[in-house]
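Scroll down for the structure; my scribbles are underneath it.
The values are calculated or read from the model by the stated rules, or taken from the named source; none is laboratory data. If you're wondering where the values come from, they're calculated on a predicted model, not measured in any experiment. Every residue, glycine as well, gets a Cβ built from its backbone with ideal geometry; the counts of neighbours run over all protein chains shown. To get the accessible areas, we keep the full protein, side chains included, count just its heavy atoms, and leave off ligands, DNA and RNA. Shrake-Rupley method; radii C 1.70, N 1.55, O 1.52, S 1.80 Å.
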Amino acid sequence: MRKLLLVTLTIVISISGFAQQTKTYAERLGWPKGARVIILHVDDAGMSHDSNEGVEKAINEGVATSTSVMMPCPWVPEFKKFLDKHPNTDAGLHLTLTSEWDSYRWGPLAGKAAVPGLTDKEGCLWPSVAAVYFRATGDEVEKEIRAQLDRALSMGFVPTHMDSHMGTLFAKDAFMERYIKVGIEKHIPIMFPGGDDLFYRAEAKAATIADLKKQGKYTEGMQISEPAVLGKVKEIGAMIWKGGLPVLDDLHNSSYDWQMPDIEKKTDAEIQQWYTDHYMESIGRLSPGLTMVIMHCTQPSAAFKYISDTGQKRKGDLLAMTDPRLRAFLKQQGFILTTWREVMARRVKAGNTD
């Protein structure tokens with residue numbers, strides 16, 4: 001009888017533990033089971049005047065709910081003035097360890113002497129994630145994260161969260177460790193998808209298949225390996241949650257790779273329809289949980305082409321976010337829109353009971 005009782009108790013505990021693990025982070029943050037909760041997030045505030053205009057319009061006139069600022073960039077003071085006038089704006093730090101454009105560049109806020117491994121021969125941040133991976137140390141990355149946070153706080157800008165420009169902080173364990181360390185120490189939420197990542201996994205697989213097809217190496221039914229980082233996300237997510245910070249269930253980071261045919265020749269109306277259709281289709285595939293949808297809304301002027309050739313696709317993001325069709329779709333499908341500020345408030349309320 002005693003043995004049977006112990007076996008039964010073990011089974012009950014195991015089932016209970018499994019049920020606990022299968023709860024989405026959205027549920028653990030207090031949203032109902034099955035809820036699809038999204039943060040519509042605009043990257044690159046502060047990068048340029050055109051970027052600032054796009055962010056402001058996407059949030060004030062569209063459905064975007066959040067943004068993050070590239071602190072080493074020259075147009076940060078202008079965006080800070082916007083934040084002063086709109087103090088409830090959900091704005092975080094787009095932690096920037098690269099300077100990717102050919103003729104429009106910026107350097108580390110910590111200074112070249114403090115972070116030589118992050119700095120190229122022009123005194124700017126390296127143009128690629130790979131260069132940072134091979135040349136920078138974890139200590140240098142942490143110094144630059146802290147320098148960017150320090151500049152924000154010195155300006156009177158208290159960030160609602162932190163995320164990673166070009167995903168550089170996700171490139172190496174040593175970088176990720178420092179990112180998490182500073183977030184937990186400062187009690188600032190960090191972007192990290194630690195749930196099932198169903199959308200991200202599907203998109204990563206689709207992108208791999210597309211590349212293989214271009215190379216003529218794909219055959220139907222071929223087994224596609226997932227990115228190695230996905231094997232660690234649940235363990236890391238649990239650690240971040242235990243550290244008192246919220247965790248995402250999934251990440252939608254697709255629009256930058258969308259290729260609208262002949263986009264340079266299309267009207268704004270045509271671009272808006274194409275991008276809105278793609279957002280509705282892809283967001284419609286999101287599973288229950290808390291997902292961050294990343295975009296780069298920009299109102300490109302004639303000068304933006306001297307920064308980047310991505311002006312039209314960035315305009316596509318902006319036109320979609322301000323399209324009444326997308327707003328109606330989100331409402332009709334029952335999506336819950338949120339911000340990092342609300343997510344953190346819910347995490348504090350959840351405490352350590354779940």
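Quick notes on this one:
- Criterion: of a type outside the set (S, T, Y), within 14 Å of V158 (Cβ to Cβ) and out of contact with any Lys or Arg (no Cβ under 8 Å at 6 or more places or on another chain) - qualifying residue of G107, G92: G92
- The residues in the stretch 75-134 that are among the charged types (D, E, K, R) and in contact with a Cys (Cβ under 7 Å, 6 or more places away or on another chain) can be counted, and the count is 1.
- Subset tally (residues that are without any contact (Cβ under 8 Å) to a residue 24 or more places away in the chain and either touching a strand residue (DSSP E or B) at 6+ places or on another chain (Cβ under 7 Å) or aromatic (F, W, Y) (or both)) for the stretch 247-283: 0
- Search result, residues across the stretch 231-244 that are in a loop (DSSP other than H, G, I, E, B) and either open to solvent by 30 Å² or more (accessible area, probe 1.4 Å) or on the phi < 0 side of the Ramachandran plot (or both): K232, G243
- Residue list for the stretch 41-51, filter: outside any helix (DSSP H, G or I) and either under 22 Å from G351 (Cα atoms) or not hydrophobic (A, V, I, L, M, F, W, C) (or both): H41, D43, D44, G46, S48
Okay, residues lined up against (1) over 22 Å from L153 (Cβ atoms); (2) β-branched (V, I, T):
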residue: K23; (1), (2): yes, no
residue: I38; (1), (2): yes, yes
residue: M47; (1), (2): no, no
residue: G62; (1), (2): yes, no
residue: S68; (1), (2): no, no
residue: P77; (1), (2): no, no
residue: F82; (1), (2): no, no
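- Taken over the stretch 196-212, residues that are in a helix (DSSP H, G or I) and either buried (at least 16 other Cβ atoms within 10 Å of the Cβ) or charged (D, E, K, R) (or both) amount to 9.
- Within the stretch 26-40, if we keep just the residues that are under 12 Å from S287 (Cβ atoms) and not in a strand (DSSP E or B), the residue that is most open to solvent (accessible area, probe 1.4 Å) turns out to be G34.
- Filtering the stretch 213-228 for residues that are outside any loop (DSSP other than H, G, I, E, B), touching a strand residue (DSSP E or B) at 6+ places or on another chain (Cβ under 6 Å) and modelled with pLDDT of 75 or more leaves an empty set.
- Screening the stretch 166-195 for residues that are among the charged types (D, E, K, R) and crowded, with 18+ Cβ neighbours inside 10 Å and picking the one that is modelled with the highest pLDDT gives R178.
- Among the conditions (1) among the β-branched types (V, I, T); (2) in contact with a strand residue (DSSP E or B) (Cβ under 9 Å, 6 or more places away or on another chain); (3) open to solvent by 20 Å² or more (accessible area, probe 1.4 Å), I294 misses just one, which is (3).
- Within the stretch 71-90, not a single residue is more than 29 Å from K313 (Cα to Cα), in contact with a Gly (Cβ under 7 Å, 6 or more places away or on another chain), modelled with pLDDT of 95 or more and of a type in the set (A, V, I, L, M).
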